[in-house]
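Read the structure below first, then the notes.
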Amino acid sequence: MGSMQNIVRRIFSGVDIPEGMSKPEFQTWMDARVTAFEDGGFMENTKLTPIVDDDGLVDVLAEADPKELLVVKFYKRGCLPCLSIAEAYKNAELKCRADGLNVRFLSINSKLPESEALVQRQLVSGTPTVQTFVNGRQIGDEIQEMSSEKIMEKILSRMPRSTTTPLGRTD
């Protein structure tokens, strides 16, 4: 089962879908179900370190270790594709931490008004969008992988050579 199907099944599991609603009524009902799912612990369990605005990303890029890979996920609350990849990115973050890799995962809620300038500057046209940075510069294309394993492959391929071993060691 794909990650999108899995998340939809989890959101609507055991729920009777009402019949006879207008399209706007159905959208309101569906939005409420998604919000309840997000607020029921899913967002907290899959949370990555948040960045709120353009200055926040600039600060993180300036302060980052030059050999640290930054993985920045742009998402929106209520976005089913964003929800479908959230656990995979959280699992990748935990794997990187467990393996001692010099990788930091960050997230930006692109729906927030204070994120608007950052979203525009990074040319984010939809969500989810995942970008990577090393030494203050964006590297590679956007990551479009949906499984933790594929995400890890992309991360390892983008890390500076000396950071693919646990922290404190070099090749």
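The values are calculated or read from the model by the stated rules, or taken from the named source; none is laboratory data. This is a predicted model, so every value here is computed, not measured. Neighbour counts run over all protein chains shown; Cβ positions are idealised from the backbone, glycine included. For the accessible areas, the whole protein counts, side chains as well, though only heavy atoms, and no ligand, DNA or RNA atoms are used. Shrake-Rupley method; radii C 1.70, N 1.55, O 1.52, S 1.80 Å.
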Keeping every protein chain present and rolling a 1.4 Å probe, give me the accessible area per residue for the chain in Å². 57
Along each of its three principal axes, how wide is the spread of alpha-carbon positions in region 1-151, in whole angstrom units, largest first? 57, 34, 24
Can you tell which of Lys47, Lys73, Lys23 shows the greatest fluctuation in a Gaussian network model of the chain with Cα springs below 10 Å? Lys23
In Å, the Kirkwood estimate of hydrodynamic radius for region 74-153 over Cα pairs equals 13.4
Inter-centroid distance (Cα atoms) of region 1-21 relative to region 87-130, Å: 26
Of all GluC sites (Glu not before Pro) in region 5-90, which ones are in loop regions per DSSP and have a Cβ with at most 10 other Cβ atoms within 10 Å? Glu19
I'd like the carbon and sulfur percentage of the solvent accessible area for the chain, probe radius 1.4 Å, heavy atoms only, ligands and nucleic acids excluded. 50
Need one number: % antiparallel among DSSP beta bridges in the chain, to the nearest 5. 50
Mind checking region 115-160 for trypsin sites (Lys or Arg not before Pro) that DSSP puts in a loop (not H, G, I, E or B) and that have at most 11 other Cβ atoms within 10 Å? none
